[in-house]
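The values are calculated or read from the model by the stated rules, or taken from the named source; none is laboratory data. Predicted model, so just to flag it, every value in this text is computed and none were measured. When we count neighbours, we look across all protein chains shown, and the Cβ atoms used for this are built from the backbone with ideal geometry, even at glycine. Keep in mind that these areas ignore ligands, DNA and RNA; they rest on the heavy atoms of the full protein, side chains included. Shrake-Rupley method; radii C 1.70, N 1.55, O 1.52, S 1.80 Å.
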Amino acid sequence: MTGTQRLINLLELANQGPAMRAALAEEVAGLLTDWPQDCPTDMRATCEALLSRAAREVDDDTRARLRVRLYSDPELSARILPREAQDRALVDAARNGDSVVPRFARALGIPENLACEILEDESGHALAVACKAMGLNRAVFSSLALLSQPRGDIAACYGRLDAFDAISSVEAARELRRWSHAA
């Protein structure tokens, strides 16, 4: 299918109403992350607006899948899927003593048992990788690191917190891809 045909298909999906929003959002995200050479570049802005609108109307699971799909383009992801709500929900759940595992697993697109292993990693490295790959900031990472592993001496706490600065976003994305493929 040519790029122009894909654009026409997406516009048809957009006209089918809210029931097709998830399919529309995922298709547009795929188009934006792998823009076909035969598509006019001036259509990117229209597609971004369409994805932004569709992303506001989909459920949390679809938004999590979109985040994973858009992690290769952090600027696009930040424009389309602002993180404040997800960040706050993760930290609030941890502060309230609620299980963060299901929400964390959905946000990363990984099984819950792997999310549990990430949160229980005493070194903080796995959590740093996950947070960096999701585009979470250091404050959210720090909150999750301290709330998911509140016990231990102060040196261990600082060691976990240092893990965030020790890994780049690129390395984190690579490692998350390996985890996803291995799971």
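Rounded to whole numbers, the Karplus 3J(HN,Hα) couplings from phi for the stretch 128-141 are 4, 4, 4, 5, 5, 5, 7, x, 6, 7, 5, 5, 5, 4 Hz, using 6.51 cos²θ - 1.76 cosθ + 1.60 with θ = phi - 60°, and x at Gly and Pro. Would you mind checking the stretch 87-129 for residues with the amide N under 19 Å from a putative spin-label position 7 Å along Cα→C-beta of A78? From the stretch 87-129, the list is 87-88, 129.
Using +1 on the beta carbon of Lys and Arg, -1 on that of Asp and Glu, and nothing else charged, what's the dipole of the stretch 38-183 about the Cα centre, debye to 20? List each step's numbers first, then the result.
Numbers: 20 positive and 23 negative charges, 46 e Å.
Approximately 220 debye in magnitude.
Both numbers refer to the Cα atoms of the stretch 1-69; Rg and Dmax are 11.3, 33 Å.
Pull out a ≥ b ≥ c, the square roots of the eigenvalues of the alpha-carbon gyration tensor of the stretch 93-183, then state rounded if a/c is under 1.5, prolate if not and a/b is larger than b/c, and oblate in the remaining case. It comes out oblate by the Cα gyration axes. The GluC sites (Glu not before Pro) found in the stretch 1-65 that occupy coil by DSSP, while having at most 14 further C-beta atoms within 10 Å, are E57. Note on the chain: dipole from Cβ charges, positive end direction compared against N113, C157, M43; the farthest Cα belongs to M43.
If one puts a single equal scatterer on every Cα of the stretch 57-96 and applies the Debye formula without solvent, what log₁₀ I(q)/I(0) results at q = 0.17, 0.25, 0.31, 0.33 Å⁻¹? For the stretch 57-96, the Cα-only Debye profile gives -0.48, -0.88, -1.06, -1.10.
Accessible surface area normalised per residue over the chain is 53 Å², counting heavy atoms of protein chains with a 1.4 Å rolling probe.
Average 1/r across all pairs of distinct alpha carbons in the chain, invert it, and you get the Kirkwood radius: 17.4 Å.
Ignoring ligands, DNA and RNA, what percent of the accessible area of the stretch 1-148 is carbon or sulfur (1.4 Å)? Write down the numbers at each step before the final one.
On the way: 3710 of 7480 Å².
Solvent-exposed carbon and sulfur of the stretch 1-148 make up 50 percent of the total.
Using θ = phi - 60° in the Karplus curve 6.51 cos²θ - 1.76 cosθ + 1.60, the 3J(HN,Hα) couplings for the stretch 29-46 round to 4, x, 5, 5, 7, 9, 4, x, 5, 8, 8, x, 5, 6, 7, 4, 4, 5 Hz; x is entered for Gly and Pro. In this structure, A23 and E120 have a Cβ-Cβ separation that, at R0 = 30 Å, corresponds to a calculated FRET efficiency of about 0.25.
As an equivalent ellipsoid, the stretch 39-129 spans semi-axes of 29, 14, 11 angstrom, where each value is the square root of five times an eigenvalue of the C-alpha gyration tensor, largest first.
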